[in-house]
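The values are calculated or read from the model by the stated rules, or taken from the named source; none is laboratory data. Computed from a predicted structure; not experimentally measured. Neighbour counts are summed over all protein chains in view; Cβ atoms, including those assigned to glycine, are modelled from backbone coordinates with ideal geometry.
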Amino acid sequence: MTDLELKNRGTMFIISAPSGGGKSTVLKEAMKDIDNIEHSVSVTTRPIRGQEVDGIDYYFVSEEKFKEMLDDNQFYEYVNSDFGPKYGTPRKQVDELLKSGKDVVLDLDYPGVQQLRQLAGERVKAIALLPPSLRILRDRLVNRGTDSSEVIEKRMSMAEKRVKEAEFYDYVLINDDLNTVVEQLKAIILSTRVEKRNISNLGECIKCIVEDK
Ligand code: ADP
Ligand code: 5GP
């Protein structure tokens with residue numbers, strides 16, 4: 001082995017799925033096997049749920065704090081509905097990760113994808129993770145055992161729209177066999193790293209190769 005190493009410019013991988021689509025499960029498995037990739041932790045005004053941990057699942061903030069961050073231009077993108085909870089992607093955290101050559105995984109909805117594409121264009125890869133069918137999605141939500149039937153119905157009522165939005169994504173993964181989808185996600189991440197425009201030290205590498213005669 002030589003010391004030759006292609007350096008990664010860092011990509012924002014957005015993963016969207018209907019709730020229960022398997023995002024947590026698939027990401028956990030894929031990220032076990034890949035270095036230099038981290039989750040962006042969003043900021044939200046919604047109350048903390050179940051086993052969630054502040055600073056790991058989200059940064060849980062007050063409405064006032066969210067507004068302050070928004071006014072201070074601290075978000076890459078945000079959902080600022082008047083009724084539901086607000087969500088935002090902290091710009092500083094994402095920029096620092098990208099700057100250190102890491103890939104960043106973001107869990108956003110489709111409006112979030114649109115906003116980030118406008119801001120960061122080629123540095124964004126949007127991946128839609130779909131269940132094999134809505135019937136199977138419902139079975140998985142029921143079997144997961146974390147939501148009441150009322151919450152499950154609410155999630156199901158949003159799922160169809162989520163699935164249909166897949167046509168606007170760069171990649172579409174069907175979460176049928178877990179191993180297959182994990183391997184597909186890993187392949188997307190690893191192949192993106194060797195796209196020419198994502199190699200930050202290409203000139204240097206080429207020089208090393210040709211000089212070592
Ligand atoms: P999300 O994070 O998108 O809400 P989860 O990762 O919690 O979804 O997955 C929902 C449920 O479906 C969990 O109980 C999980 O174990 C199960 N699940 C996820 N992927 C698969 C799969 N490929 N095959 C079978 N069950 C799955
Ligand atoms: P939950 O409250 O169930 O954790 O998330 C609800 C929805 O908000 C999910 O669809 C998730 O993708 C989306 N979401 C979470 N964080 C952000 C964010 O920072 N920006 C945007 N646009 N959506 C987010």
- prompt: Counting just the residues of the stretch 8-32 that are near ligand 1 (Cβ under 7 Å from one of its atoms) and in a loop (DSSP other than H, G, I, E, B), which one comes out nearest to Asn143 (Cα to Cα)?
  reply: Gly20
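Which of the residues spanning the stretch 73-87 are surrounded by 18 or more Cβ atoms within 10 Å (Cβ to Cβ) and either within 16 Å of ligand 1 (Cβ to nearest atom) or outside any strand (DSSP E or B) (or both)? Even if it seems obvious, please write down each step before you answer.
Pass one, the stretch 73-87, residues surrounded by 18 or more Cβ atoms within 10 Å (Cβ to Cβ): 75-79, 86-87.
Selection gives Lys86, Tyr87.
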message: For the stretch 45-67, check the following and say yes or no: at least one residue is crowded, with 18+ Cβ neighbours inside 10 Å, within 16 Å of ligand 1 (Cβ to nearest atom), under 14 Å from the mean Cα position of the chain (by Cα) and under 20 Å from Arg193 (Cα atoms).
response: no
message: When the residues of the stretch 156-196 are narrowed to those that are at pLDDT 95 or above and polar (S, T, N, Q), which ends up surrounded by the most Cβ atoms within 10 Å (Cβ to Cβ)?
response: Asn175
message: Out of the residues in the stretch 1-15 meeting the condition of being within 18 Å of Thr192 (Cα to Cα) and not hydrophobic (A, V, I, L, M, F, W, C), tell me which one is surrounded by the fewest Cβ atoms within 10 Å (Cβ to Cβ).
response: Glu5
query: Of (1) in contact (Cβ under 8 Å) with a residue 60 or more places away in the chain; (2) out of contact with any strand residue (DSSP E or B) (no Cβ under 7 Å at 6 or more places or on another chain); (3) within 15 Å of ligand 1 (Cβ to nearest atom), Ser100 satisfies all except one. Which?
result: (3)
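Return a yes/no flag: does the stretch 66-75 have any residue that is closer than 22 Å to Ala128 by Cα, in contact with a strand residue (DSSP E or B) (Cβ under 7 Å, 6 or more places away or on another chain) and not aliphatic (A, V, I, L, M).
Restricting attention to the stretch 66-75, the residues satisfying the condition of being closer than 22 Å to Ala128 by Cα are none.
Looking through the stretch 66-75, none of the residues is closer than 22 Å to Ala128 by Cα, in contact with a strand residue (DSSP E or B) (Cβ under 7 Å, 6 or more places away or on another chain) and not aliphatic (A, V, I, L, M).
Are any residues in the stretch 65-91 over 18 Å from Val124 (Cβ atoms), among the basic types (Lys, Arg) and free of Cβ contacts under 8 Å to residues at least 40 places away in the same chain, and if so, which ones? Quick ask: steps written out before the conclusion?
Initial filter on the stretch 65-91 (over 18 Å from Val124 (Cβ atoms)): 65-74, 80-86.
Pick out the ones that are also among the basic types (Lys, Arg) and you get 65, 67, 86.
If the condition is that a residue be over 18 Å from Val124 (Cβ atoms), among the basic types (Lys, Arg) and free of Cβ contacts under 8 Å to residues at least 40 places away in the same chain, then Lys65, Lys67 are the ones that fit.
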